[in-house]
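Here's the structure we're looking at; comments come further down.
The values are calculated or read from the model by the stated rules, or taken from the named source; none is laboratory data. In this text the structure is predicted, and so the values were computed from the model without any measurement. Neighbour counts run over all protein chains shown; Cβ positions are idealised from the backbone, glycine included. Note: areas computed on protein heavy atoms with side chains; ligands, DNA, RNA excluded. Shrake-Rupley method; radii C 1.70, N 1.55, O 1.52, S 1.80 Å.
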Amino acid sequence: MDLGIAGKRALVCASSKGLGLGCARALAAEGVNVVMNARGDEALQASAADIRREFGVEVVAIAADITSVAGRNSVLDAVDGIDILVNNAGGPPPGMWQDWSRDDFILALDANMLTPIAMIQSLAPYMIAQKWGRVVNITSMAVKSPNPVLGLSNAARSGLTGFVAGTSRQIAPDGVTINNLLPGIHATDRADALDQGVMQASGITLPEAQKQRMSTIPANRYGTIEEFGAACAFLCSTHAGFIVGQNILLDGGAISATF
Ligand code: NAP
């Protein structure tokens with residue numbers, strides 16, 4: 001299927017590795033020119049070079065912390081005419097409900113709620129003026145089924161989800177869609193870090209921790225960044241203009257629910 005977005009310009013935040021990289025690669029494979037971002041320059045430049053070489057699209061790589069005002073401004077100052085925005089950032093650390101301070105919450109809210117909202121506020125006006133745009137926020141399956149030790153993530157991502165639910169309906173008349181992709185467990189550094197936490201807490205090996213987690217997923221495996229990127233690219237396609245304000249779960253069936 002031709003997704004109809006060749007030549008468009010996408011900004012994929014937090015995209016040197018993992019799910020963000022999967023999205024940047026899938027968009028580039030469709031002929032989309034991409035602006036990539038991450039804090040660490042080395043991995044970012046390497047991933048950008050791979051995409052340029054493999055897909056022949058224009059790639060701009062901006063090293064910056066997307067969760068800080070200064071980092072966001074350095075990305076926003078370097079881009080214009082963004083048709084497609086993929087919001088992403090690292091997830092908050094696990095912990096226990098009684099230990100989180102106000103500062104911990106502010107950090108999580110900044111990273112996983114207020115940053116994507118600020119990016120939408122900055123970039124959606126151009127999309128609205130063009131009468132076409134796509135925003136995809138990478139959130140988490142935790143929005144539908146909370147993981148208790150990820151309370152900071154549960155809280156911040158639910159806030160973003162509420163914002164998207166209303167705002168997506170306000171800007172849909174202008175041809176701009178906002179949707180959320182909810183990853184279940186995918187094989188990335190983040191999943192590795194969570195498995196290492198289980199390994200240490202339970203005194204088991206890493207493969208045992210992975211096997212244990214996979215057994216909770218009906219597909220009996222972790223998702224791949226390629227699968228995730230393909231779903232993102234479809235949501236960004238010309239065919240997805242009627243998908244508005246949705247929360248789409250990619251979890252291998254892990255959440256057992258009728259809807
Ligand atoms: P990952 O493999 O650890 O990759 C994170 C990417 O984001 C890296 O490129 C990292 O590069 C970049 N990044 C992190 N913090 C950043 C910041 N402040 N500014 C700019 N770039 C930043 O993570 P992932 O698994 O792809 O996860 C992506 C998001 O999905 C996270 O919010 C995670 O919590 C959520 N999620 C993941 C899973 C999963 O199973 N993988 C499940 C549910 C939810 P630098 O470190 O160099 O900045």
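Would you check which residues across segment 1-21 are within 16 Å of the ligand (Cβ to nearest atom) and either open to solvent by 30 Å² or more (accessible area, probe 1.4 Å) or of a type outside the set (Gly, Ala, Ser) (or both) and list them?
Leu11, Val12, Cys13, Lys17, Leu19, Leu21
Inspect segment 147-154 for any residue being more than 23 Å from Phe228 (Cα to Cα) and either of a type outside the set (A, V, I, L, M, F, W, C) or away from the ligand (no atom under 13 Å from the Cβ) (or both) and give the result as yes or no.
Yes, segment 147-154 contains a residue that is more than 23 Å from Phe228 (Cα to Cα) and either of a type outside the set (A, V, I, L, M, F, W, C) or away from the ligand (no atom under 13 Å from the Cβ) (or both).
Go through segment 35-62 residue by residue and tally those that are under 19 Å from the mean Cα position of the chain (by Cα), more than 23 Å from Ala187 (Cα to Cα) and buried (at least 17 other Cβ atoms within 10 Å of the Cβ).
Counting residues in segment 35-62 that are under 19 Å from the mean Cα position of the chain (by Cα), more than 23 Å from Ala187 (Cα to Cα) and buried (at least 17 other Cβ atoms within 10 Å of the Cβ) gives 4.
Read through the list (1) under 19 Å from the mean Cα position of the chain (by Cα); (2) farther than 21 Å from Ser168 by Cβ; (3) among the basic types (Lys, Arg), then give the number of the only condition that Arg102 fails.
(1)
Name the pairs whose Cβ atoms lie under 8 Å apart, with the first residue in segment 87-101 and touching a residue at least 60 places away in the same chain (Cβ under 8 Å), the second more than 6 Å from the ligand (Cβ to nearest atom) and open to solvent by 80 Å² or more (accessible area, probe 1.4 Å), and 6 or more positions between them or separate chains?
Within 8 Å, the pairs are Pro92/Leu107.
Which number in (1) under 24 Å from Val176 (Cβ atoms); (2) free of Cβ contacts under 8 Å to residues at least 60 places away in the same chain; (3) more than 9 Å from the ligand (Cβ to nearest atom) marks the one condition that Asn112 misses?
Result: Asn112 fails condition (3) only.
In segment 92-104, is there at least one residue being at pLDDT below 95, surrounded by 18 or more Cβ atoms within 10 Å (Cβ to Cβ), on the phi < 0 side of the Ramachandran plot and within 14 Å of the ligand (Cβ to nearest atom)?
yes
Could you list, in sequence order, all residues of segment 22-45 that are in contact (Cβ under 8 Å) with a residue 24 or more places away in the chain and within 11 Å of the ligand (Cβ to nearest atom)? Give the steps one after another, and end with the answer.
Applying the first criterion (in contact (Cβ under 8 Å) with a residue 24 or more places away in the chain) to segment 22-45 yields 22-40, 43-44.
Matches in segment 22-45: Gly22, Cys23, Ala24, Met36, Asn37, Ala38, Arg39, Gly40, Ala43, Leu44.
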